[in-house]
Amino acid sequence: MSDLNQLTFTGRLGADVEVRSFQNGGRVANFRLAVGEQWKTKEGEKRERTEWVSVAVFSDGLVGICERFLRKGSRVLVQGKQQTREWTDQQGNKRYSTECVLQGFDAKIVLLDGKPQGGAPGSASRDDDLNDDWPSDDGSDVPF
């Protein structure tokens, strides 16, 4: 059996998406995702912590979705794999960055804010009509 490298996070974007183009025509979308965690101590005191996850999107279709619909504060689910990059800083020191990379057929982005609203370029297009075909998720059909 082979190993599994899969990450799934839900959170909110800390800033707008940055899209860069490569000389070969490929593109990458980068953003940081704030992933919150809440718990109570034994004394009943509420605690919370936020982890910041760096996300790099290489799948061209998903880069387009990021560009059109994701903004600072957008709530999303991302599914990708963990990758660590090695690079050298200006002082010649080796540095490492670990990211959630979305590339290939198993990469996924799910918009959790609902239907895209105005403000995202092109959001008032065919995609809005497609979303109207989906049944509402009000839970009224749940048998319990």
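If only one of GLY44, GLY61, GLY25, GLY14 is of a type in the set (Gly, Ala, Ser) and surrounded by 11 or more Cβ atoms within 10 Å (Cβ to Cβ), which one is it? That would be GLY14, the only listed residue that is of a type in the set (Gly, Ala, Ser) and surrounded by 11 or more Cβ atoms within 10 Å (Cβ to Cβ). Residues in the stretch 23-39 that are assigned to a strand (DSSP E or B) and either touching a residue at least 12 places away in the same chain (Cβ under 8 Å) or touching a Lys or Arg at 6+ places or on another chain (Cβ under 6 Å) (or both): ARG27, VAL28, ALA29, ASN30, PHE31, ARG32, LEU33, ALA34, VAL35, GLY36, GLU37, TRP39. For the stretch 39-70, a residue qualifies if it is out of contact with any Gly (no Cβ under 8 Å at 6 or more places or on another chain) and among the polar types (S, T, N, Q), and the qualifying residues are THR41, SER54. Restricting attention to the stretch 5-52, the residues being β-branched (Val, Ile, Thr) and within 13 Å of ILE109 (Cβ to Cβ) number 3. Among the conditions (1) at pLDDT 95 or above; (2) surrounded by 10 or more Cβ atoms within 10 Å (Cβ to Cβ), the only one that GLY92 does not satisfy is (2). When the stretch 59-95 is limited to residues that are in contact (Cβ under 8 Å) with a residue 60 or more places away in the chain and among the charged types (D, E, K, R), the one that is nearest to LEU7 (Cα to Cα) turns out to be LYS81.
The values are calculated or read from the model by the stated rules, or taken from the named source; none is laboratory data. All figures in this text were calculated on a predicted structure; none of them were measured in a lab. Neighbour counts are summed over all protein chains in view; Cβ atoms, including those assigned to glycine, are modelled from backbone coordinates with ideal geometry.
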